[in-house]
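Q: The structure follows.
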Amino acid sequence: MAKQDKYTRELATEEILLAKRDKGLTFDEIAEAIGRHPVWVASAIMGQATMNAEEVYALVKLLDLNPSITTVLQDFPMKGSLEDRIPVDPLLYRFHEILQVYGTTMKAVIQEKFGDGIMSAIDFTMDIDKEEDPAGDRVVVTMNGKFLPYKKW
């Protein structure tokens, strides 16, 4: 793919992922070079977070990207990358299925422990780990969000 002079978020993501693949780098390795958490870096690369100038220039240098890509990576993104329909990708569908099956349970337990409110997706971190298991490796997803109580007025 020829390097662009102007980028959309989608084109920037595509070029970054191709360069990541071509250089054989992981999100962990890119995150180390940028100085951020690997899940946050993956989110920024996928167009869901805004990089600052220092972060974006480290990415450009590491992946040997066209410097004109820096502008779009510093723009405020449109949050939410999935379409309105149920995801068909099997991995994404399983998260949808988890919410369908356990969503009301999660809500009930959270509200029993904290009261009437929500978990922030703004003041939020997430870790994704691999747990080795002889019966088959396990995916461990830890979401950590600030509790925000509903306000009475």
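The values are calculated or read from the model by the stated rules, or taken from the named source; none is laboratory data. Since we're looking at a predicted model, the values are computed, not measured. Don't worry about glycine lacking a Cβ; one is built from the backbone with ideal geometry, like all the others, and counts go over all protein chains shown.
Q: Hey, among 77, 149, which residue is under 30 Å from residue 30 (Cβ atoms) and either at pLDDT below 90 or not acidic (Asp, Glu) (or both)?
A: When all the criteria are applied, what remains is 77.
Q: Where residues in the range 1-30 are buried (at least 18 other Cβ atoms within 10 Å of the Cβ) and of a type in the set (Gly, Ala, Ser), which of them is nearest to residue 65 (Cα to Cα)?
A: Among residues in the range 1-30 that are buried (at least 18 other Cβ atoms within 10 Å of the Cβ) and of a type in the set (Gly, Ala, Ser), the one nearest to residue 65 (Cα to Cα) is 19.
Q: Also: Name every residue in the range 35-57 that is more than 15 Å from the chain's Cα centre (by Cα) and crowded, with 18+ Cβ neighbours inside 10 Å, in order of residue number.
A: Across the range 35-57, the qualifying residues are 55, 56.
Q: Report yes if some residue within the range 93-105 is in contact (Cβ under 8 Å) with a residue 12 or more places away in the chain and either surrounded by 13 or more Cβ atoms within 10 Å (Cβ to Cβ) or closer than 26 Å to residue 48 by Cβ (or both); otherwise report no.
A: No, that holds for no residue.
Q: On the given criteria, is residue 98 hydrophobic (A, V, I, L, M, F, W, C), more than 15 Å from residue 14 (Cα to Cα) and not assigned by TED's automatic domain parsing to the domain that holds residue 124?
A: yes
Q: Could you please give the count of residues in the range 120-135 that are aliphatic (A, V, I, L, M), assigned to a strand (DSSP E or B) and at pLDDT 95 or above?
A: 2
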